[in-house]
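In what follows, a structure is listed as structure tokens, so that the remarks can point back to it.
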Amino acid sequence: MANVFADLSVKDLFPTPIWVADLDPDVATRINAELQAAIKELVEPRPQIPLGSTWQTTPMLHKHNRFAEFCALVHKAGAAAMAFLDLKHRNFEITGCWANINPTGGLNSPHTHPNNFLSGVYYVSLPQSSGQIVFADPRPQAASILPPAEKWNKYVGNEIKLEVKEGRMVIFPAWLVHSVPVNRSAEERISMSFNLMFKDFTEAVSKPLWTGSAPIRR
Ligand SMILES: [Fe+2]
């Protein structure tokens, strides 16, 4: 039978971008050593962490001088993400920045970061085979039928595990549900998390998307 289709294509509608930025290895080694020292200073004396939980610093590290260089990197990466989206208004700030320490058995349950536009994580110290962040499919109804595929691909499954490594920064929409699997190694897993939000959201970004022509009656 003759080919009746003149053209075949697949359009990926409403894609969810995840930005991945790897530091130059030499820069990563230096910054990670500095971050680890600064974090250690903040957490000593170390509180007892209950089994299976995680430990987080204050979310205001972006106000600390020792994290200024890291926050400059976050700004750079955040600006690139907003440029990728071709946004009209890109005036944003870091609204939260903190360190996570996952001891052996530690994990982060599925969650989002409300009241922010973008969120991200940077990996400071990753024990062997503990480098993953898991993103859940934001379309819950899509998992009502999950036929197995011959080989995994991005169109099947209801979660995606992203491999991460020391020196890697991952930025994602703040509304996207994500989690971190159990740290099964004997060493701690250390990462930095951050949130980004428009500085002038109500003034510049949240204006009505259309304007009516009817006059306002008083
Ligand atoms: Fe998170």
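Values in this text are rule-based calculations from the coordinates and carry no lab data. Values in this document were obtained by computation on a predicted structure and should not be read as measured data. With ideal geometry, Cβ positions are generated from the backbone for all residues, glycine too; neighbour counts draw on all protein chains shown.
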Once the dipole of the chain is set up with Lys and Arg at +1 and Asp and Glu at -1 on Cβ about the Cα centre, which of 28, 71, 175 lies farthest towards its positive end?
175
Enumerate by residue number the GluC sites (Glu not before Pro) in the range 164-218 meeting two conditions: DSSP loop (anything except H, G, I, E, B), and at most 15 other Cβ atoms within 10 Å of the site's Cβ.
187
Note on the chain: alpha-carbon gyration tensor, axes a ≥ b ≥ c; rule is a/c under 1.5 for rounded, else prolate if a/b larger than b/c, else oblate; result oblate
Tell me the trypsin sites (Lys or Arg not before Pro) within the range 1-66 that lie in a loop according to DSSP and have at most 16 other beta-carbon atoms within 10 Å.
11
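When the chain is fully extended, how far beyond the present Cα-Cα distance does residue 112 get from residue 14, taking 0.36 nm per residue of separation?
Working: separation 98, 0.36 × 98 = 35.28 nm, distance 1.89 nm.
33.4 nm is the gain from fully extending residue 112 to residue 14.
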In what order do 97, 71 fall by count of nearby beta-carbon atoms within 10 Å, going from fewest to most?
71, 97
Can you tell which of 172, 194, 84 shows the greatest fluctuation in a Gaussian network model of the chain with Cα springs below 10 Å?
84
For labels at residue 41 and residue 93 in the simple 7 Å Cα→Cβ model, what's the distance in nm?
2.4
Can you tell me the dipole magnitude for the chain around its Cα centre, using point charges on the Cβ only (Lys, Arg +1; Asp, Glu -1), in Debye to the nearest 20?
680
Shape call, the range 1-126: gyration tensor on alpha carbons, a/c limit 1.5
prolate
What's the local net charge at residue 77, with K and R +1, D and E -1, over the other residues with C-beta under 12 Å away?
+1
The extension gain from residue 162 to residue 184, computed as 0.36 nm times the residue separation minus the Cα-Cα distance, is 6.2 nm
Within the set 147, 114, 103, GNM on the chain using Cα springs under 10 Å gives the largest fluctuation to 147
For the chain, set up a GNM with springs between Cα atoms under 10 Å and report which of 140, 208, 47 has the largest fluctuation.
208
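Got the relative contact order for the chain handy, in percent, Cα pairs under 8 Å and 6 or more residues apart?
31
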Given a Förster distance of 35 angstrom, what is the FRET efficiency for residue 213 paired with residue 134, based on the Cβ-Cβ distance and rounded to 0.05?
0.15
Expected 222 nm ellipticity per residue - DSSP helices of 4 or more, -39500 (n - 2.57), all of the chain, to 500
-5500 deg cm²/dmol
